[in-house]
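Working notes, beginning with the structure itself.
No value in this document is a laboratory result; all are computed from the given coordinates. The structure displayed is predicted, hence computed values, not measured ones. Counting neighbours? That spans all protein chains shown, and the Cβs are built from the backbone with ideal geometry, glycine included.
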Amino acid sequence: MIVRSGREILSNGARLSGQSLQPLRTLLAGEQELTIRELIDEQRRRLDSRNPLERFAAAMLIPAVLAERLAGLADRQVGQLLLDEVWPRLSPVAPESTICLHAADRLRGSPKEECPTCPKCGSEMILHVGIDEPDFLECALLRCGLRIQA
Ligand SMILES: [Zn+2]
C-alpha cells in the first residue's frame, strides 16, 4: 500500500497512542496547520526523541505530510528550501554541496533586476523566496541583518 498523506495513515488506523503523541496526531490530521519550516523542525526534533513511536513518526509519517506540502510549492520555493535547509547540512568540500547549490540556483531562477543596496549599510541585498511568508530582501552583511519585504 502506498501512503500518500499523514491523514491517510490515520484514517487507515494508525496505531499511535499515548499523551505525548497527541500533538502529532493533531498535526497529521491536519487540524493544526504548521508551516513547512515548522514541519521540518518537528521532524528533526522527533528524530532525536527517546520515544520510539516519536522516532517512527519522524521517519515514516511526517515525511508523508511534508511531501504533500512540498508538492504545492513552486520550483523557486523548493530551490530556496534546498538553499536554507539542505545545503548548510552538507560538507562544503563534498560534491553534494556543489550539486545542491547548482540545483538551488536553477530552481530559484535568475533575478529579474539587479540586487538593491541596503538602505542601512550600503551592502548588497539578497532576495529570499518566501516559503510560508512573502518574498523578502535580506542584507548580505550578516552583522547588519536588515530584512525588508520584496
Ligand atoms: Zn545592511
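Mean separation of Cα pairs under 8 Å and 6 or more residues apart, divided by the residue count, gives region 55-150 a relative contact order of 20 percent.
Each Lys and Arg Cβ is given +1 and each Asp and Glu Cβ -1; about its Cα centre, region 31-128 then shows a dipole of about 200 debye.
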